[in-house]
Amino acid sequence: MNTEYLRADSIELAAIFQYPASGVILCDARLPKLYPEYFGAAKPLPTLALRAGESSKNMGQCLKIYEFLSENGVGRQDIVHVFGGGTISDLAAYAVSTFKRGCRLILYPSTLLAMIDAAIGGKTGLNHLGYKNYLGSFYPAEKIIIHSPFLKSLPKAELRQGFAEMLKYSLLADDLLLPELVSPELGEDDIILSFALYKMQVCAIDPYDRKERLLLNFGHSFGHALEAASQYKIKHGDAIVLGMNIACDFSFQQGLIEEEDWADYRDWLGQYPVPAAAMRFLDETPLEVMKPFLLQDKKNGQSLRLILPTEDGIKVVEATIGKNS
Ligand SMILES: NC(=O)c1ccc[n+]([C@@H]2O[C@H](COP(=O)([O-])OP(=O)(O)OC[C@H]3O[C@@H](n4cnc5c(N)ncnc54)[C@H](O)[C@@H]3O)[C@@H](O)[C@H]2O)c1
């Protein structure tokens, strides 16, 4: 399916709420209070508000969505409008993809991370049995609608999570201009679009994560392990930046990159302000605690497949760490 990536200004967004074609709304519970001008429409669509966060990406919340869709008579031709950040879109899109074998889906990402990453490319996910994104499907939305003014209410720490993924893209693509974290450009439409386009192009070449798209997982094996081992106290973007740092160190230790390249990667990643608590967790957590999460990472099969900096750039590398080593 080809996903349309569109911008909506305030008037266009209000029209979606005032004159909705059909369907229901699933949204981050914070948004109706922050944006009553939209969510307080005179004749609102049936709406289910969901609490955001990793602890909501679970089967219990998914069952709640199935019940809501069922009670409202949602059929395969009805549109489910999903407003929220990456945790809401991962959860809601998983539910929508499996309800009656899939209903129509439109995503309205409300965080920077979701606008440039999580909403794009159709990956859905629930955390299960303590593992991150253990359950999931590929189910691209038919439309992704960006309303960048949503970012005005986003706390700085959440904006930083989006910057983390931008930082990753800037290492993978030569032509992306990374804005500074503390700059107004960060939330500008053109900047968002340039990063979103990059991900869309990669996903168009490799929709099912078999080759080129795997590189977008740079920092994710270590990052997801950190998130899960910390019981999601470490936020996704912070964990990914730590994961990229660990990947660089690992590459250097394995002789895959020279010291000079290692230092360049570390310098570039050093512009990201990783919170002290996350650094402490990493310092105090032995590899043994992380290993089960690393080995269970859904991106890995029997051996540990890592995305690592090499002399030829960032590549997929099969690591020799075995299950019992
Ligand atoms: N499917 C994918 O391809 C993909 C890619 C990257 C990340 N992800 C997933 O995305 C998730 C992280 O997403 P996230 O960083 O958007 O987190 P999130 O959805 O938890 O949102 C972060 C916080 O911001 C709040 N919020 C959302 N929009 C707001 C707004 N406009 N104003 C004020 N507050 C707002 C939320 O209530 C929440 O407290 C992780 O679970 C990660 O695994 C998925």
So for R0 = 25 Å, FRET eff. of Leu6-Leu34 from the Cβ-Cβ r, to 0.05, ends up at 0.70
XL table Lys156/Lys233; Lys33/Lys199; Lys152/Lys235; Lys123/Lys168; Lys123/Lys235; Lys100/Lys132; Cα-Cα > 23 Å flagged, in table order, is Lys33/Lys199; Lys100/Lys132
Measuring from the longest principal axis of the C-alpha atoms of the chain, the long axis of helix 220-229 (C-alpha) lies at a number of degrees, nearest 10, equal to 80
Exposure-ranked with fewest Cβ neighbours within 10 Å first, Val274, Val24, Val316 stand as Val316, Val274, Val24
If amide H atoms are modeled at 1.01 Å from N in the peptide plane, then the residues at a separation of 5 or more from Arg305, or on another chain, having amide H under 5 Å from its own are Ala319
Out of Phe250, Phe83, Phe218, a Gaussian network model of the chain with alpha-carbon springs under 10 Å gives the largest mean-square fluctuation to Phe250
Measuring from its Cα centre, segment 218-319 shows a charge dipole (+1 at each Lys and Arg Cβ, -1 at each Asp and Glu Cβ) which, in debye to the nearest 20, is 680
Note to self: Kirkwood Rh of segment 218-319, Cα pairs, one decimal, Å, is 13.7
Out of Ala263, Ala52, Ala278, a Gaussian network model of the chain with alpha-carbon springs under 10 Å gives the largest mean-square fluctuation to Ala263
Ranking Met279, Leu242, Leu294 by how far each Cα lies towards the positive end of the charge dipole of segment 218-319 (+1 on Lys and Arg Cβ, -1 on Asp and Glu Cβ), the top one is Leu294
Per the charge dipole of the chain (beta-carbon charges, Lys/Arg positive, Asp/Glu negative, Cα centre), the residue among Gly73, Leu215, Ile116 reaching farthest to the positive end is Gly73
Rounded to the nearest 5, the percent of DSSP beta bridges in segment 4-155 running antiparallel is 15
Rg/Rh of the chain (Cα atoms, Kirkwood Rh), to two decimals, equals 0.97
Listing Val74, Val241 by rising number of other beta-carbon atoms within 10 angstrom, fewest first, gives Val74, Val241
At the level of C-alpha centres, the distance separating segment 173-193 and segment 4-44, in angstrom, is 26
In whole Hz, the Karplus estimates of ³J(HN,Hα) for segment 50-61 (6.51, -1.76, 1.60; θ = phi - 60°; x where Gly or Pro) are 10, 6, 7, x, 4, 5, 8, 7, 9, 5, x, 5
Between the modelled labels at Gln77 and Ala15 (7 Å from Cα along Cα→Cβ) the distance in nm is 2.4
For Ser70 and Gln296, extending 7 Å from Cα along the Cα-Cβ vector and measuring point to point gives, in nm, a value of 2.8
Percent antiparallel among DSSP beta bridges confined to the chain, rounded to 5, stands at 35
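Charges only on Cβ, +1 for Lys and Arg, -1 for Asp and Glu: so what's the dipole of the chain about the Cα centre, in debye to the nearest 20?
Numbers: 32 positive and 40 negative charges, 344 e Å.
Charge dipole of the chain: 1660 debye, to the nearest 20.
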In degrees rounded to 10, the 0-90 angle between helix 259-269 Cα long axis and the longest Cα principal axis of the chain is 30
The residues Thr111, Thr98, sorted from fewest to most surrounding Cβ atoms within 10 Å, come out as Thr98, Thr111
So for R0 = 41 Å, FRET eff. of Lys315-Arg101 from the Cβ-Cβ r, to 0.05, ends up at 0.65
To the nearest 10 degrees, the tilt of helix 156-172 (Cα long axis) against the first principal axis of the alpha carbons of the chain is 60
Checking segment 48-82 for trypsin sites (Lys or Arg not before Pro) in a loop per DSSP with at most 16 other beta-carbon atoms within 10 Å yields Arg51, Arg76
Sorting Gly270, Val317, Leu304 by the position of each Cα along the dipole of segment 218-319 (Lys, Arg +1; Asp, Glu -1; all at Cβ), the one nearest the positive end of that ordering is Leu304
For segment 1-140, Rg(Cα) over 2.2 N^0.38 Å is 0.97
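Where a number appears in this text, it was derived from the coordinates with a stated rule and is not lab data. As the structure is a computational prediction, the values presented were derived from the model and not from experiment. Counting neighbours? That spans all protein chains shown, and the Cβs are built from the backbone with ideal geometry, glycine included.
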